[in-house]
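Participant: Below is a structure I'd like to ask you about.
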Amino acid sequence: MTTEGRVVFGKMEEVIYGKPAAAAVAEQATRLGAERVFLMVSGTLNRETDEISKIRAALGNRCAGVFDKMPAHTPRSAVAAAAAMAREANADLIVTVGGGSVTDGAKAVQLCLANDVFTVEGMDALRGDAVFKPPITRQISVPTTLSAGEFSALAGVTNEATRVKEMLKHPLTIPAAVILDPALTVHTPEWLFLSTGIRAVDHCVEGMCSLESNPFGDAQAFRGLGLLTSGLTRVKQNPGDLQARQDCQVGAWLSMGPLAAGVPMGASHGIGYVLGAVFGIPHGHTSCIMLPAAMRWNKSANADRQAMVAAAMGHAGEDAGDLLDRFIGGLGMPRSLGAVKIGRAEFPRIAAQAMGTPWIPRNPRRISSPAEVVEILELAA
């Protein structure tokens, strides 16, 4: 008897790695025939380094505008402001330079431009499985963190009224190309680079540990996890090691293999969505805190899959949850909900809201009620 499966390949066309971002962005603009390039970039990079000015210079008169005010967790109000600015610029290509919030913001802007949505309220029409016009203006992404959202067609946008992170999605919102320039990441604060690296580790681990996994996703996640665990350790030891940073970037790229192949994430991601949207905890930190706890709670359902994680980390036969706990602690990352000032009084609220995320229902060990989410939270307390 054979297993049945399906892997759908996305609309991304290219990944360029190890090349200076400015030259690569200009080449992509030429390749795509863009004449009105709208930059959505990290405010810190724009104000405190010359990296954005290098890209603007490489684009020349094709640069039609710059938006550098996207806060963490991609609030609707900032998306609406960026969309209005992109419309005013008559953008025919969006280029992002920054972390996951900027990347997701541009994906949402693509949908806003295609559907004439320029208000916070108007984004209700773009949520979930709503029917809307496909994006026309494509995106190029230059990531400076390791969250790897640039390799998906999903955008997480926070509804400020409800404090819920909502999913906007369309196959064409995935960037047409991603440019991985390790030199740009030297400007990223250490805590942010390392913690988003654990976010990518979380993609690998929950992908491999899913009971819906497939060989395509497993192969990428296995190799990605090895690159990430080695690379993050070397960056911690020597922040100037560009090869280690590139290994981390490639590992983050590979970490999205399971998601790209239709494999769901689990409780770490599901609870992490709530911790980010409701409490403002950075996504990298949510994975640092929740991943080992989710692994320990799930072990009775997927011990064989967890053994693959330990092997990928170079410690075959050891407990994967304990390995991850030690590894994350060795990078100096927060290890408990208490460390980010979330106490047990908040657990019922977190658990109830987590039940509504896409991933809790597909966790490898069945979660049938908020009480079981609380059990996982207790392991991370």
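The values are calculated or read from the model by the stated rules, or taken from the named source; none is laboratory data. Everything quoted here is computed from the prediction, not taken from an experiment. All Cβ positions, glycine included, derive from the backbone under ideal geometry; neighbour counts span all protein chains shown.
Participant: Among the numbered conditions (1) in a helix (DSSP H, G or I); (2) crowded, with 23+ Cβ neighbours inside 10 Å; (3) in contact (Cβ under 8 Å) with a residue 60 or more places away in the chain, tell me where G224 comes up short.
Facilitator: Failed condition: (3).
Every residue, every condition in (1) out of contact with any helix residue (DSSP H, G or I) (no Cβ under 6 Å at 6 or more places or on another chain); (2) modelled with pLDDT of 95 or more, yes or no:
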| position | (1), (2) |
| --- | --- |
| H283 | no, no |
| L291 | no, yes |
| D304 | yes, yes |
| M308 | no, yes |
| M313 | no, yes |
| E318 | no, yes |
| D322 | yes, yes |
| I328 | no, yes |
| M333 | no, yes |
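Participant: What about Q237, is it in the same structural domain as A294 (by TED's automatic domain parsing), free of Cβ contacts under 8 Å to residues at least 24 places away in the same chain and either more than 28 Å from V164 (Cα to Cα) or surrounded by 24 or more Cβ atoms within 10 Å (Cβ to Cβ) (or both)? Step through it out loud before you land on a result.
Facilitator: Details: in the same structural domain as A294 (by TED's automatic domain parsing): yes; free of Cβ contacts under 8 Å to residues at least 24 places away in the same chain: yes; either more than 28 Å from V164 (Cα to Cα) or surrounded by 24 or more Cβ atoms within 10 Å (Cβ to Cβ) (or both): yes.
Answer is yes for this residue.
Participant: Is it fair to say T188 is at pLDDT 95 or above, crowded, with 18+ Cβ neighbours inside 10 Å, in contact with a helix residue (DSSP H, G or I) (Cβ under 7 Å, 6 or more places away or on another chain) and over 16 Å from S255 (Cα atoms)?
Facilitator: no
Participant: Another one. Is it true that D92 is of a type in the set (D, E) and without any contact (Cβ under 8 Å) to a residue 24 or more places away in the chain?
Facilitator: Against the criterion (of a type in the set (D, E) and without any contact (Cβ under 8 Å) to a residue 24 or more places away in the chain), D92 does not qualify.
Participant: Starting from the stretch 132-147, take each residue that is crowded, with 24+ Cβ neighbours inside 10 Å and list its partners that are of a type in the set (V, I, T) and in a strand (DSSP E or B), counting only C-beta distances under 6 angstrom and pairs at least six apart or across chains.
Facilitator: Filtered contacts from the stretch 132-147: Q139/I94; I140/V95; S141/T96; S141/V178; V142/V97; V142/I179.
Participant: Let me ask something additional. Checking V131 against (1) part of a loop (DSSP other than H, G, I, E, B); (2) under 23 Å from the mean Cα position of the chain (by Cα): exactly one of these is not met. Which one?
Facilitator: Among (1) part of a loop (DSSP other than H, G, I, E, B); (2) under 23 Å from the mean Cα position of the chain (by Cα), V131 violates only (2).
Here's the yes/no breakdown for (1) surrounded by 15 or more Cβ atoms within 10 Å (Cβ to Cβ); (2) at positive phi; (3) assigned to a helix (DSSP H, G or I):
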site: G5; (1), (2), (3): no, no, no
site: F38; (1), (2), (3): yes, no, no
site: I55; (1), (2), (3): yes, no, yes
site: A58; (1), (2), (3): yes, no, yes
site: A80; (1), (2), (3): yes, no, yes
site: A83; (1), (2), (3): yes, no, yes
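Participant: Kindly indicate which of L126, L111 is in contact with a His (Cβ under 8 Å, 6 or more places away or on another chain), more than 20 Å from I52 (Cα to Cα), in contact (Cβ under 8 Å) with a residue 40 or more places away in the chain and in the same structural domain as S141 (by TED's automatic domain parsing).
Facilitator: Values: L126 fails: in contact with a His (Cβ under 8 Å, 6 or more places away or on another chain).
Only one candidate passes the filter, namely L111.
Participant: Which of the residues belonging to the stretch 352-364 are without any contact (Cβ under 8 Å) to a residue 60 or more places away in the chain and assigned to a helix (DSSP H, G or I)?
Facilitator: Within the stretch 352-364, A352, P361 meet the criteria.
Participant: Next question. Output the residue which, of all residues in the stretch 60-78 that are among the aliphatic types (A, V, I, L, M) and assigned to a loop (DSSP other than H, G, I, E, B), is modelled with the lowest pLDDT.
Facilitator: A72
Participant: Conditions: (1) assigned to a loop (DSSP other than H, G, I, E, B); (2) touching a Leu at 6+ places or on another chain (Cβ under 9 Å). V25 meets all but one. Number of the miss?
Facilitator: V25 satisfies every listed condition except (1).
Participant: Okay, moving on. Of all residues being of a type outside the set (D, E) and not in a helix (DSSP H, G or I) in the stretch 210-221, which is nearest to L324 (Cα to Cα)? Just the residue, please. Give the derivation first.
Facilitator: Going through the stretch 210-221, the residues of a type outside the set (D, E) turn out to be 210-211, 213-217, 219-221.
Next, from what is left, pick out any that are not in a helix (DSSP H, G or I): 210-211, 213-214.
Values: S210: 17, L211: 20, S213: 20, N214: 22 Å.
Top of the filtered list is S210.
Participant: I've got another one for you. Mind listing just one residue for me: the one in the stretch 310-351 that is acidic (D, E) and assigned to a helix (DSSP H, G or I) and, of those, nearest to N298 (Cα to Cα)?
Facilitator: D322
Participant: Name the residues in the stretch 100-116 that are more than 18 Å from the chain's Cα centre (by Cα) and in a helix (DSSP H, G or I), would you?
Facilitator: L111, C112, L113, A114, N115
Participant: Taking the options M208, M167, name whichever one is in the same structural domain as T44 (by TED's automatic domain parsing) and of a type in the set (A, V, I, L, M).
Facilitator: M167
Participant: What is the number of the single condition among (1) in a loop (DSSP other than H, G, I, E, B); (2) in contact with a Gly (Cβ under 9 Å, 6 or more places away or on another chain); (3) modelled with pLDDT of 95 or more that T119 does not meet?
Facilitator: Failed condition: (2).
Participant: May I ask you to list pairs of residues, at least six apart or on different chains, whose Cβ atoms are under 7 Å apart, with the first in the stretch 266-290 being assigned by TED's automatic domain parsing to the domain that holds I342 and farther than 15 Å from L377 by Cα and the second being of a type in the set (D, E, K, R) and not in a loop (DSSP other than H, G, I, E, B)?
Facilitator: That search, which allows pairs on different chains as well, returns A277/K165; H283/R199; G284/R199.
Participant: I've got another one for you. What number of residues within the stretch 40-53 satisfy the criterion of being of a type outside the set (D, E, K, R) and surrounded by 20 or more Cβ atoms within 10 Å (Cβ to Cβ)?
Facilitator: Our first condition is that a residue be of a type outside the set (D, E, K, R); within the stretch 40-53, this holds for 40-46, 49, 52-53.
Of the ones still in play, those that are also surrounded by 20 or more Cβ atoms within 10 Å (Cβ to Cβ) are 40-42, 45-46, 52.
Residues that pass the stated criteria total 6.
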